Every structure is written in C-alpha cells, then in structure tokens.
Amino acid sequence: MKFLTTMACGSKLLKMTSNPTPSEIRQARELAGLSQTAAAELVHSTCRSWQQWEAKVGTGTHRKMHLAFWELFLIKLKKRKTK
C-alpha cells in the first residue's frame, strides 16, 4: 500500500505518493511566493539542491527530491498559511 497524503497549496491539491516531479516542485514553490533560496531554507537545504530538484528530467543537473524533503516543504507551507 502506498503512503498517500494530500495537502492544499493555494487552490491546488498536492499529493505525496512518490518523488515529486520538477514541475510539481516549481509549481508549489511559486504558488507559495517563494524564491528557490527561501524554499531551500525551509527544508534546511541549499539553493543549488533546490535548483537540481526543479531541473528538467534528463538534464545533467536534475536530481530527484526525496519524499521526506517534499513532505517537510508541504508541512511548512501549511504552517506558514495558518499563521
């Protein structure tokens, strides 16, 4: 059974079932109004890592975002929204 959680980000519903795609990562960050640097800081990562997560699949710079970083990012977005 796959782990399935959903969280709202703006008007979009984001699912946490596997590694997010670069477009899902970029969309969530942009909807939150965050720069890549600010988003990376939220999950205790570097801007360079964030750039690699948003890079298109098949490019030499793409790297998959681990599901734990994705989940942490969505949780922190939710907390920011409720403040």
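The values are calculated or read from the model by the stated rules, or taken from the named source; none is laboratory data. Everything quoted here is computed from the prediction, not taken from an experiment. Cβ sites come from the backbone with ideal geometry, for glycine too, and all protein chains shown count toward neighbours.
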Please determine, by comparing only the residues of region 12-32 that are of a type outside the set (A, V, I, L, M, F, W, C), modelled with pLDDT under 95 and touching a helix residue (DSSP H, G or I) at 6+ places or on another chain (Cβ under 8 Å), which one is nearest to LEU77 (Cα to Cα).
LYS12
Within region 33-74, take every residue that is touching a Cys at 6+ places or on another chain (Cβ under 8 Å) and modelled with pLDDT of 95 or more and give me the one that is surrounded by the most Cβ atoms within 10 Å (Cβ to Cβ).
ALA40
